[in-house]
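S.K.: For reference, the structure I am asking about is given below.
The values are calculated or read from the model by the stated rules, or taken from the named source; none is laboratory data. These figures come from a predicted structure and were not determined experimentally. Glycine gets a Cβ as well: all are built from the backbone with ideal geometry, and neighbour counts include every protein chain shown. The accessibility values were calculated without ligands, DNA or RNA, using every heavy atom of the protein model including side chains. Shrake-Rupley method; radii C 1.70, N 1.55, O 1.52, S 1.80 Å.
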Amino acid sequence: MKSPLLSLPGAVPAEGADEGVAAHYGDLFREQRELAAGRAYTDLSHRGVVTVTGPDRLAWLHLLLTQHVSELPPGQATEALILSPHGHVEHALYLVDDGTTSWAHVEPGTQTALIEYLERMKFMYRVEIADATAEFAVVHLPAGASAEAAGAVAVRELPYGRDLFLPRAELAKQVEEFGSPAGIWAYEALRIEAHRPRLGFETDHRTIPHEVDWLGTAVHLNKGCYRGQETVARVHNLGKPPRRLVFLHLDGTEEVLPPHGAEVRLAAESEGGRALGFVTSSARHHELGPIALALVKRNVPLDAELRAGGVPAAQEAVVAP
């Protein structure tokens, strides 16, 4: 779904998973600084929007999600996951309830599969599930921006701002009061700096929540049963995750950023050694220079000299070994 904000001056369309919104508006580092300072907004209108209504909605969602939502107060945002029977992450939802409707936004294009799963799990519960992507859009606003715009619902509080649901028809008009636009590249650089995982980037088909630091934000360790809970409890109480998320400071002399999936190896074995993991996301940061997130094997030493896609890299632990 192409955003109307792509018609703004200087907008350069993003590609891949973020197709449909602007990668940048002509000045990447200025956009990052403005976004970090709370003077810019980012168009996230390519993300899927799912709503759940009905008197049983929170009790029903509580049975399916990793998060405790049965008594979620109106207006309080939260994160939640849907896991496979083996505990692997299948969906990540950014959720809020307004008192009558539960709203969630998800990765672009994943709402169809999510809705199909939710429909199969309705049974006798009084809930109605809808794809609201065509009617509502997500925009990331500065931390101090008002959420009182007509039809707006706030969700996902971040250090530098928060996401908001806005009527799609009013998107171009309502964002004018929130400062200048910052492209998805600027948003991604701040996300990587904050060590926040993203479904499909920091995850693959075998990712469990422990590996990417989702236990603290998207998993409630003391709630009742949900699909995949046995794996969550077992690894948390008795074991350690096989992989861990790390933050990488990349060598700034290299001109090319390592792409998603680029192999991470020990620097001494970069030509023929065994891969220790892979790059999940990378960006150019206005202060830190080139940075990345990577998923590596748990036993990789914290002081190991690494190469990410051939680029020298120093690591900071996000998930402890």
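S.K.: May I ask you to verify whether Glu71 is open to solvent by 50 Å² or more (accessible area, probe 1.4 Å), over 27 Å from Val21 (Cα atoms) and among the charged types (D, E, K, R)?
M.R.: So Glu71 fits the description; yes.
S.K.: Would you pick out the residues in the range 203-219 that are more than 20 Å from His260 (Cα to Cα) and assigned to a helix (DSSP H, G or I)?
M.R.: Result: His210, Leu215, Gly216, Thr217, Ala218.
S.K.: Just one of (1) of a type in the set (Ser, Thr, Tyr); (2) farther than 20 Å from Gly200 by Cβ; (3) open to solvent by 40 Å² or more (accessible area, probe 1.4 Å) trips up Thr112, so point out which.
M.R.: Among (1) of a type in the set (Ser, Thr, Tyr); (2) farther than 20 Å from Gly200 by Cβ; (3) open to solvent by 40 Å² or more (accessible area, probe 1.4 Å), Thr112 violates only (2).
S.K.: Another question about this same structure. Can you go through His249, His286 and tell me which one is within 30 Å of Ala23 (Cβ to Cβ) and in contact with a Lys or Arg (Cβ under 7 Å, 6 or more places away or on another chain)?
M.R.: Answer to the selection: His286.
For (1) over 27 Å from Leu221 (Cα atoms); (2) modelled with pLDDT under 95, each residue gets a yes or a no:
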residue	(1), (2)
Gly75	no, yes
His88	no, no
Tyr125	no, no
Asp131	yes, no
Ser146	yes, yes
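S.K.: Right, something else. Could you list, in sequence order, all residues of the range 2-37 that are open to solvent by 30 Å² or more (accessible area, probe 1.4 Å) and on the phi > 0 side of the Ramachandran plot?
M.R.: Scanning the range 2-37 gives Gly10, Gly16, Gly26.
Per-residue answers, yes or no, for (1) surrounded by fewer than 21 Cβ atoms within 10 Å (Cβ to Cβ); (2) small (Gly, Ala, Ser); (3) farther than 23 Å from Ala304 by Cβ; (4) modelled with pLDDT of 95 or more:
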position	(1), (2), (3), (4)
Thr207	no, no, no, yes
Ala218	no, yes, yes, yes
Lys223	yes, no, yes, no
Val246	no, no, no, yes
Glu263	yes, no, no, yes
Ala268	yes, yes, no, no
Ala275	yes, yes, no, no
Glu287	yes, no, yes, yes
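S.K.: Next up: Can you tell me which of Gly239, Gly183, Gly228, Gly161 is small (Gly, Ala, Ser) and out of contact with any strand residue (DSSP E or B) (no Cβ under 7 Å at 6 or more places or on another chain)?
M.R.: Of the residues listed, the single one that is small (Gly, Ala, Ser) and out of contact with any strand residue (DSSP E or B) (no Cβ under 7 Å at 6 or more places or on another chain) is Gly239.
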